[in-house]
Structures are given as structure tokens and as C-alpha cells.
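Inspection log for the structure reproduced underneath, given as C-alpha cells.
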Amino acid sequence: MIHVIYISTARHEFDPDELKSILESSARHNARLGITGMLLYAEGCFLQVLEGEAGPVEETYARVERDARHFGLIELERSEIQARSFEQWSMGFRQVSEAEIRRHPNFAPFFEHGFDPASIGAHPGLAFDLLVAFARNQQRL
């Protein structure tokens, strides 16, 4: 099994209906392929982890790379995993504000100058820690 973590920027600010549509489609696709994961949406940026068998994860990630709804995709981590970290759902979701992230003591120092995908990518492990921390109280699909 592997996981792939990436961050990208939305082409426009997504409204709740657009996010719901993305999540429902992703959850159906992921469930069919045995993929689990978590998606954070904050200030027009996506941060996502996909986990599962290598083939389906690679196929799904390639589809994500081609998706025109976002740009500036940065792959933060691709590694083999011994066990899933988000096995309880095909697509967990949490929309968080930059202010909410800044209030979290472990992450505040990284957001002094705003939600910057490149700065998140410059700190190994930060993206995974963000996903785990904000997985609590998220929507499950």
C-alpha cells in the first residue's frame, strides 16, 4: 500500500454545493477502488491524502492531476505505508479557515504569512500532521 499527499490551489473559491459534488463523486470513485483518504479545503487550497493499493492510488492521482478545477499541484509525499491512517472513510472532509489553523499551536508558526502551499511543502510531515489533526469532526463520505 501507498499514500500520496498533495496540495493545490482552486481556480475559484468553491461554494458548499460545489464541494459537496466533488466529495460525493470522490467518495463513490474511491469506494469502488478501495481508496481511503482525507481532504482539507482552506482558503481556496486543497490538501489531500489518498491511500490504498498502489495501482488504484496512482490511477486516481493521475486523474486528480488532470482536473482543471485546480492548478499548482505540488506532490508533497509518496510513500509505502504499513497501514491506513484514514481507513474509516472513502473520503473524509473538513473545511477549515486560515484563522482556525493559526489557532492550532502546532501549526500557527507555519501560517504567519497566510496559507501558502509552497511553505507547507517545505516542511516534511506538516501536511500529514495537518490532515490527521483536522480529521476530527470532519464530514465522512
In whole Hz, the Karplus estimates of ³J(HN,Hα) for the stretch 50-67 (6.51, -1.76, 1.60; θ = phi - 60°; x where Gly or Pro) are 10, 9, x, 5, 4, x, x, 5, 4, 4, 5, 5, 4, 5, 4, 4, 8, 5
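Let me spell out the model: positive unit charges on the Cβ of Lys and Arg, negative unit charges on the Cβ of Asp and Glu, origin at the Cα centre of the chain. What dipole size does that give, in debye rounded to 20?
Working: 14 positive and 21 negative charges, 65 e Å.
Value, rounded to 20: 320 debye.
Specify whether the C-alpha gyration tensor of the stretch 1-99 places it in the rounded, prolate or oblate class, a ≥ b ≥ c being the square roots of the eigenvalues: rounded for a/c under 1.5, otherwise prolate if a/b is larger than b/c and oblate if not. Display every interim value, and only then the final one.
Working: a/c = 1.61, a/b = 1.49, b/c = 1.08.
Cα axes put the stretch 1-99 in the prolate bin.
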Determine how large the accessible area of His123 is when every protein chain is in place; take a 1.4 Å probe and give Å² rounded to the nearest 10. 70 Å²
Determine the per residue accessible area of the stretch 4-130 with all protein chains present and a 1.4 angstrom probe, expressed in square angstrom. 50 Å²
On Cα atoms only, tilt of 16-33 relative to the major axis of the chain in degrees: 40 degrees
Ignoring ligands, DNA and RNA, how do Leu76, Leu40 rank by accessible area with a 1.4 Å probe, largest first? Leu76, Leu40
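Rank these by accessible area, largest first, 1.4 Å probe: Met38, Met1.
On the way: Met38 0, Met1 65 Å².
Heavy-atom accessible area, descending, gives Met1, Met38.
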Mean separation of Cα contacts under 8 Å (at least 6 apart) over the residue count of the chain, i.e. the relative contact order in percent, is 35 percent
Placed amide H near Met38: partners under 5 Å, 5+ positions off or other chain: Val49, Gly92
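Just the number, please: carbon plus sulfur as a percent of the accessible area of the chain, 1.4 Å probe, no ligands or DNA/RNA counted.
Carbon and sulfur: 49 percent of the exposed surface of the chain.
The values are calculated or read from the model by the stated rules, or taken from the named source; none is laboratory data. Fair warning: this is a prediction, and the values are worked out from it, not measured in the lab. Cβ: placed from backbone, ideal geometry, glycine included. Neighbour counts: every protein chain shown. The area values use the complete protein model at the heavy-atom level, side chains included, leaving out ligands, DNA and RNA. Shrake-Rupley method; radii C 1.70, N 1.55, O 1.52, S 1.80 Å.
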